[in-house]
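K.L.:
Take a look at this one; I'll ask things after.
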Amino acid sequence: MSYPDQRNNDEWRAVLNKEQFRILREKGTEAPFSGKYDKFFSESGVYTCAGCEAPLYKANHKFKSGCGWPAYFDSIPGAVTRHEDSTLGMTRTEIVCSNCGGHLGHVFKGEGYSTPTDERHCVNSVSLNFSPEDKTAEGAKSGESKA
């Protein structure tokens with residue numbers, strides 16, 4: 001699949017640290033309960049892609065799941081793309097940034113959380129940045145990036 005932000009690996013290495021590159025570009029996973037956003041909650045704001053700063057999740061989408069990674073019940077419309085992931089001997093739904101294709105984590109359905117969607121977007125903290133300002137209106141629809 002093609003994404004608006006088309007940087008190559010050398011360009012990504014120039015803007016991401018090693019752990020961000022491993023997770024966002026090589027589909028890695030951070031250790032559970034280790035991420036800075038696992039236990040971080042805010043009443044307002046937006047979580048953006050650590051690679052391209054595209055808005056992904058509103059602060060009020062986040063919920064306490066106890067899974068060891070930040071969990072969201074929904075994303076900003078159009079911000080996240082889903083792919084089938086058959087690694088590790090099972091089929092899961094991978095989620096990536098719709099602007100740059102950066103790996104975010106996986107989405108799980110039907111786990112019984114009392115959320116509006118009964119979905120859990122299980123996201124690596126390393127894949128995210130947080131802004132207390134609502135960036136969803138600026139650049140979310142136009143595919144702007146920091147490239």
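Values quoted throughout were computed directly from the atomic coordinates according to the rules given, and no laboratory measurement underlies them. Just so you know, these numbers come straight off a predicted model, no measurement behind them. Backbone-built Cβ (ideal geometry, glycine too); neighbour counts: all protein chains shown.
K.L.:
Taking neighbour counts of Cβ atoms within 10 Å as a proxy for exposure, in what order, fewest first, do Asp10, Asp38 appear? Walk me through the numbers on the way to the answer.
P.N.:
Values: Asp10 7, Asp38 20.
Arranged by neighbour count, lowest to highest, Asp10, Asp38 become Asp10, Asp38.
K.L.:
Please list log₁₀ I(q)/I(0) at q = 0.31 Å⁻¹ for the stretch 62-105, using the Debye equation with identical point scatterers on the alpha-carbon positions.
P.N.:
-1.10
K.L.:
To continue, here is another question. What trypsin sites (Lys or Arg not before Pro) does the stretch 1-60 have in DSSP loop regions with at most 13 other beta carbons within 10 Å?
P.N.:
On the way: sites: Arg7, Arg13, Lys18, Arg22, Arg25, Lys27, Lys36, Lys39, Lys58; in loops: Arg7, Lys27, Lys36, Lys39.
In loop regions of the stretch 1-60 (DSSP not H, G, I, E or B), the sparsely surrounded trypsin sites (Lys or Arg not before Pro) are Lys36, Lys39.
K.L.:
What ranking of Glu111, Glu53 emerges when the number of other C-beta atoms within 10 Å of each C-beta is taken as an exposure proxy, fewest first?
P.N.:
Values: Glu111 12, Glu53 20.
Going from least to most buried by this count: Glu111, Glu53.
K.L.:
Students often check this: by mean Cβ neighbours within 10 Å, which of 64-73, 85-94, 112-121 ranks highest, and how do the rest follow? The partial results should precede the final answer.
P.N.:
Numbers: 64-73: 19.4, 85-94: 10.9, 112-121: 15.4.
In decreasing order of mean packing, 64-73, 85-94, 112-121 become 64-73, 112-121, 85-94.
K.L.:
If you don't mind, another one. Taking the Cα-to-Cβ direction at Thr93 and at Gln6 and moving 7 Å from each Cα, how far apart do the two end points lie in nm?
P.N.:
Placing both labels 7 Å beyond Cα along the Cβ direction yields 3.0 nm.
K.L.:
Tell me the mean residue ellipticity at 222 nm calculated for the chain from its helices only (DSSP H runs of n ≥ 4, each -39500 (n - 2.57), averaged over every residue, nearest 500). Please list the in-between numbers first.
P.N.:
Details: 1 runs with 7 residues, N = 147.
After summing the helix terms and dividing by residue count, I get -1000 deg cm²/dmol.
K.L.:
If we count every other residue with Cβ under 14 angstrom of Phe41's Cβ, Lys/Arg +1 and Asp/Glu -1, where does the sum land? Walk me through the numbers before you get to the answer.
P.N.:
Numbers: positive: Lys36, Lys39, Lys58, Lys62, Lys64; negative: Asp38, Glu43.
Net local charge, Phe41 excluded: +3.
K.L.:
Per residue of the stretch 8-18, in order, report the coupling 6.51 cos²θ - 1.76 cosθ + 1.60 (Karplus, θ = phi - 60°) as ³J(HN,Hα) in whole Hz, putting x for Gly and Pro.
P.N.:
For the stretch 8-18, the Karplus-derived couplings read 8, 4, 5, 5, 5, 4, 6, 10, 10, 6, 4 Hz, x marking Gly and Pro.
K.L.:
Could you please report the charge total around Arg92, scoring K, R as +1 and D, E as -1 over all other residues with beta-carbon less than 11 angstrom from its beta-carbon?
P.N.:
Numbers: positive: Arg82, Lys109; negative: Glu84, Asp85, Glu94.
So the environment of Arg92 carries a net charge of -1.
K.L.:
What Cys residues in the chain have no fellow cysteine's beta-carbon under 4.7 angstrom?
P.N.:
That list is Cys67, Cys122.
K.L.:
Each residue of the stretch 28-36 in order: what ³J(HN,Hα) in whole Hz does its phi give by Karplus 6.51 cos²θ - 1.76 cosθ + 1.60, θ = phi - 60°, with x for Gly and Pro?
P.N.:
Calculated HN-Hα couplings, in order: x, 9, 7, 5, x, 6, 9, x, 5 Hz.
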